[in-house]
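Below: one structure, written as structure tokens.
The values are calculated or read from the model by the stated rules, or taken from the named source; none is laboratory data. All values reported here derive from a predicted model rather than from experimental measurement. Positions of Cβ are generated from backbone atoms using ideal geometry, with glycine treated the same way; all protein chains shown enter the neighbour counts. These area figures cover heavy atoms from the full protein model, side chains too; ligands, DNA and RNA do not enter into them. Shrake-Rupley method; radii C 1.70, N 1.55, O 1.52, S 1.80 Å.
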Amino acid sequence: MRRFAFFCCTAVLAGCTKSEDRAADDRTAMDTAAAAPEMPAVSTTISLADVAGTWNVLAVTEAGDSVPAFQLVVTADQSDWTMNAPNRPPIAVRVIAVDGDSIVVESGPYESLLRPGVQVTTGSVYRLEGDRLVSHTVAHFETTEPDSVVRVRAEGTRAP
């Protein structure tokens, strides 16, 4: 019986010791974390002035089809944004929202660059990635065919 009591007391003492060591380790870790310098916050806010200018844009559908190249002309405010494609009248682009790192726009209906003779309305989200203007666009075609929505990824570079 004495041996049993001895082993139980030893186990309890060993358990207490490990817990104190762990608490000391936790305090050391917290002190180290508190002493570490904070990383400066990175601003991801975009403004219309950041993207003002003319952009040469190349786009590809999610199926891998190329969309004819066009220019996006952007102003520092929400007025007069246009998309210019060869042999087409300018297409008005409406700025819907500017929030965080994104600019949300819509266009149309206009004759599709991808499907000539078919009207399309597009909604796009633009972001600056380094010196490139990238977008994800959803195109809604006015058609009775089952393939009435196409997703497009575009990338623009500033025109010289």
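Here are some notes:
- Per-region count, segment 103-138, residues hydrophobic (A, V, I, L, M, F, W, C), out of contact with any His (no Cβ under 8 Å at 6 or more places or on another chain), without any contact (Cβ under 8 Å) to a residue 40 or more places away in the chain and farther than 15 Å from V60 by Cβ: 3
- Filtering segment 112-127 to residues that are open to solvent by 40 Å² or more (accessible area, probe 1.4 Å) and under 17 Å from Q71 (Cβ atoms) leaves only L114.
- Restricting segment 132-148 to residues that are touching a strand residue (DSSP E or B) at 6+ places or on another chain (Cβ under 7 Å) and not hydrophobic (A, V, I, L, M, F, W, C), the residue that is modelled with the lowest pLDDT: S148
- Taking the criterion of being of a type in the set (A, V, I, L, M, F, W, C), farther than 21 Å from L128 by Cβ and part of a loop (DSSP other than H, G, I, E, B), the residues of segment 41-93 that qualify are A63, A85.
- Boolean, T157 is under 16 Å from L58 (Cα atoms), touching a residue at least 40 places away in the same chain (Cβ under 8 Å) and open to solvent by 50 Å² or more (accessible area, probe 1.4 Å): yes
- One residue stands out in segment 101-111 among those that are open to solvent by 20 Å² or more (accessible area, probe 1.4 Å) and touching a Lys or Arg at 6+ places or on another chain (Cβ under 7 Å): the one that is modelled with the lowest pLDDT, namely D101.
- Any chance T143 is hydroxyl-bearing (S, T, Y), in a loop (DSSP other than H, G, I, E, B), open to solvent by 30 Å² or more (accessible area, probe 1.4 Å) and out of contact with any Ser or Thr (no Cβ under 9 Å at 6 or more places or on another chain): yes
- Selection of segment 60-100 for residues being surrounded by 15 or more Cβ atoms within 10 Å (Cβ to Cβ) and closer than 15 Å to S47 by Cβ yields V74, T75, Q78, W81, V95, V98.
- Of all residues assigned to segment 31-46, at least one qualifies as being at pLDDT 90 or above and either small (G, A, S) or open to solvent by less than 40 Å² (accessible area, probe 1.4 Å) (or both).
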